[in-house]
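J.: Here it is: the structure, laid out below.
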Amino acid sequence: MNRRSLLGILATMRFLRSATAAGPVPPGATSPQVEELRAGWRAHLAKNADIATDPAPLNLSKDEWRKRLTPEAYHVLREEGTERAGSSHHNAEKRRGVFVCAGCAWPVFTHAMKFESGTGWPSFITTIPGAFETSLDNKIFYSRIEYHCAKCGGHHGHVFDDGPKPTFQRWCNNGLALKFIPA
Ligand SMILES: [Zn+2]
C-alpha cells in the first residue's frame, strides 16, 4: 500500500468516527466507589444556592456571552481555546466543594474527584452525572475526545484514558471554564 492510499484510509476513518462520536460521556471503568463518588455530589447541593439545578439549555448570543465572561474565559468556553499550562489557581485548590461551569453554574466536579496529574491543568477522575457531552476533536494529528457543558455547551477540555484507578480517566479541564464553590 502506498503512502497516499494509507492517508486516504486514515482520513476516511477519522471522518466516519467524527460523524458518529458526538454523544454521551464515556463511562470509564466503574465500581461501587466510583458510583458513590458520582452520586455523593448531591450532599453539596443543599448548602449552595450558587449551583444551577435547572438542566434546561442556556442559549445566549455571542454578545451576551462576551458580556458575561472575561475575554480569557470567552476564548476557552466559546472558542474552544486552551489556557496556558500551570496558569490556573484551581490547580492548587484543596478545599472541599463543588466545581461548576464558569458559563452557567452547572455542577461538573466535586473536590473528591480531583487529582494531581502533573500536567498543569485541573484534572479529575470522573464527573458529576450529566455534567458534560462529548465530541471528537481532530484539530491535532490524533483524535481526542472533547467535552463541553451539558447546559450551556461551553468547551471545558479533553478526556483521556491514562488517569489513575479506579476509572483510569483523566478529565483535563481548563481552569478558566470552572468556578469553585467551597462547601
Ligand atoms: Zn455551562
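J.: Can you tell me which lysines have their Cα less than 29 Å from the Cα of residue 165? Leave out same-chain residues fewer than eight positions away.
T.: Hits, sequence-local ones excluded: 94, 114, 139, 151, 179.
J.: If you wrap a convex hull around the alpha carbons of segment 53-128, what volume per residue comes out, as a whole number of Å³?
T.: About 107 Å³ per residue, rounded to a whole number.
J.: Kindly state, to the nearest 0.05, the FRET efficiency for residue 70 paired with residue 119, given R0 = 25 Å and r defined as their beta-carbon distance.
T.: The calculated FRET efficiency here is 0.65.
J.: Over segment 76-145, what is the relative contact order in percent, taking alpha-carbon pairs closer than 8 angstrom and at least six residues apart?
T.: Computed over segment 76-145, the figure is 23 percent.
J.: I need the shape label for segment 91-183. Rule: rounded when a/c is under 1.5, else prolate if a/b > b/c, else oblate, with a, b, c from the alpha carbon gyration tensor.
T.: Numbers: a/c = 1.73, a/b = 1.20, b/c = 1.44.
Verdict is oblate for segment 91-183.
J.: On full extension of the chain, what length is gained from residue 35 through residue 48, given 0.36 nm per residue of separation minus the C-alpha to C-alpha distance?
T.: 2.5 nm
J.: In addition: Starting from the 7 Å offset along Cα-to-Cβ, what nm value, one decimal, do you get for the label separation of residue 61 and residue 84?
T.: Result: 3.4 nm between the two label points.
J.: Could you order peptides 71-78, 59-66 by the average number of other Cβ atoms within 10 Å of their residues, highest first? Intermediate values should be presented prior to the final figure.
T.: Numbers: 71-78: 18.6, 59-66: 11.5.
Result, highest mean Cβ count within 10 Å first: 71-78, 59-66.
J.: What is segment 24-183 by shape, rounded, prolate or oblate, if you read a ≥ b ≥ c off the alpha carbon gyration tensor as root eigenvalues and call it rounded for a/c under 1.5, prolate for a/b larger than b/c, and oblate otherwise?
T.: rounded
All of the numbers you see were taken from the coordinates with simple rules; none came from a lab. All of these numbers come straight from a predicted model, not from anything done at the bench. Note: ideal-geometry Cβ built from the backbone for every residue, glycine included; neighbour counts use all protein chains shown.
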